[in-house]
1. Can you confirm whether V198 is part of a helix (DSSP H, G or I) and under 30 Å from P70 (Cβ atoms)?
2. Being assigned by TED's automatic domain parsing to the domain that holds Q191, in contact (Cβ under 8 Å) with a residue 12 or more places away in the chain and buried (at least 16 other Cβ atoms within 10 Å of the Cβ) is the requirement here; does A101 meet it?
3. Is it fair to say L35 is assigned by TED's automatic domain parsing to the domain that holds T276, at pLDDT 90 or above and hydrophobic (A, V, I, L, M, F, W, C)?
4. Might you check whether a residue that is under 21 Å from the mean Cα position of the chain (by Cα), in the same structural domain as V226 (by TED's automatic domain parsing) and either assigned to a helix (DSSP H, G or I) or closer than 19 Å to M225 by Cα (or both) occurs anywhere in region 133-144?
5. Which number in (1) buried (at least 16 other Cβ atoms within 10 Å of the Cβ); (2) of a type in the set (V, I, T); (3) not in a helix (DSSP H, G or I) marks the one condition that I109 misses?
6. Restricting the first residue to region 193-218 and requiring it to be among the charged types (D, E, K, R), which pairs with a second residue that is surrounded by 21 or more Cβ atoms within 10 Å (Cβ to Cβ) meet a Cβ separation below 6 Å and a spacing of at least six or different chains?
7. Scan region 249-259 and give yes if some residue there is in contact (Cβ under 8 Å) with a residue 60 or more places away in the chain, closer than 30 Å to V130 by Cβ and buried (at least 19 other Cβ atoms within 10 Å of the Cβ), otherwise no.
8. Name the residue, out of I48, I72, I81, that is free of Cβ contacts under 8 Å to residues at least 60 places away in the same chain and β-branched (V, I, T).
Amino acid sequence: MKVHKSIVYDYLVEKLFFIIGLSCLVILFLIMFFLFKEGLPLLNKVSISDFIFGMEWYPTSDNPRFGVFPLISASVAVTLIASLMAVPLSIAIAVYMAELASPITREIIKPVIEIIASIPSVVIGFFGMVVVAPFLQSYFDLDTGLNLFNAALMLGFMAIPTIASISEDAISSVPVSLKEASYALGANRCQTIIFVTVPAALSGIWTAIILGVSRVIGETMVVLMVAGGAAMMPGSLFSPVRPLTSNIAAEMAETPVGSTHYHALFAIGILLFIITFVFNIIADYLSNKYKFKHN
């Protein structure tokens, strides 16, 4: 009787998780279907080349223009600068926690990093507005502190806890036997970390980078608050910009449903979907490449 109940229980649990997983897929496909359904009608009014490579975004003027190239450039610039700041620092923090810090220090730093990761984005955006923006404006003698660098700085700060925490877990899971073999061959601690430990954990590190940079790409509230909101090409590191995500958030609430402007905002959503999808494919390939290489 107990065996029979166990079989029934396992069967029910298996089907429950199958239904939950299938529901997630269905919801994702429905979201994607709605996104393309609302965004593709823009092509009846604007060509793909004019939309992607157009240099002017004036959706409400008498002669509306829907060029999103400045918005794409802003998103790429903010993501690239934030990643350049966050990734090396995050990996350094992860290596320190996993390989160099004492157990007491690790027990203090790890929860602090995870608490930082839970800070709401609106709080980080508010900090960028009231603290970082005035500092940048006065220190660099700028017209405004709400600019590309401020947004990248805040996004990099948001990405660091995610990348550092997951990378630390990956580095800590490297088998001790690999490190002992390195020491047995005469390598010191620094050489072992650089040439054995970190390469062996690259699969997990790439996963951490994927998650961290994906958060940077899709973040809306911070860039809406601190990027400056100017729909123009970035002229310098301190230029006010408007990334794709903040443009949707800033304009969707006041856009008539079914208008060309409405469809253009959903088309921007399609662009974000494609950019994120391609990025994840590349990152997943790199992650699996190093996984197979070091296993």
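The values are calculated or read from the model by the stated rules, or taken from the named source; none is laboratory data. A quick note: this is a predicted structure, and the numbers were derived from the prediction, not measured. Because the Cβ atoms are built from the backbone with ideal geometry, glycine has one as well, and the counts that use them run over all protein chains shown.
1. On the way: part of a helix (DSSP H, G or I): yes; under 30 Å from P70 (Cβ atoms): no.
Spelling it out, it is not the case that V198 is part of a helix (DSSP H, G or I) and under 30 Å from P70 (Cβ atoms).
2. Working: assigned by TED's automatic domain parsing to the domain that holds Q191: yes; in contact (Cβ under 8 Å) with a residue 12 or more places away in the chain: no; buried (at least 16 other Cβ atoms within 10 Å of the Cβ): yes.
No.
3. Numbers: assigned by TED's automatic domain parsing to the domain that holds T276: no; at pLDDT 90 or above: yes; hydrophobic (A, V, I, L, M, F, W, C): yes.
No.
4. Residues of region 133-144 under 21 Å from the mean Cα position of the chain (by Cα): none.
The answer is no, given that none of the residues of region 133-144 is under 21 Å from the mean Cα position of the chain (by Cα), in the same structural domain as V226 (by TED's automatic domain parsing) and either assigned to a helix (DSSP H, G or I) or closer than 19 Å to M225 by Cα (or both).
5. (3)
6. Close Cβ pairs (under 6 Å, with a partner that is surrounded by 21 or more Cβ atoms within 10 Å (Cβ to Cβ)) amount to R215/A159.
7. yes
8. Details: I72 fails: free of Cβ contacts under 8 Å to residues at least 60 places away in the same chain; I81 fails: free of Cβ contacts under 8 Å to residues at least 60 places away in the same chain.
Matching residue, one of I48, I72, I81: I48.
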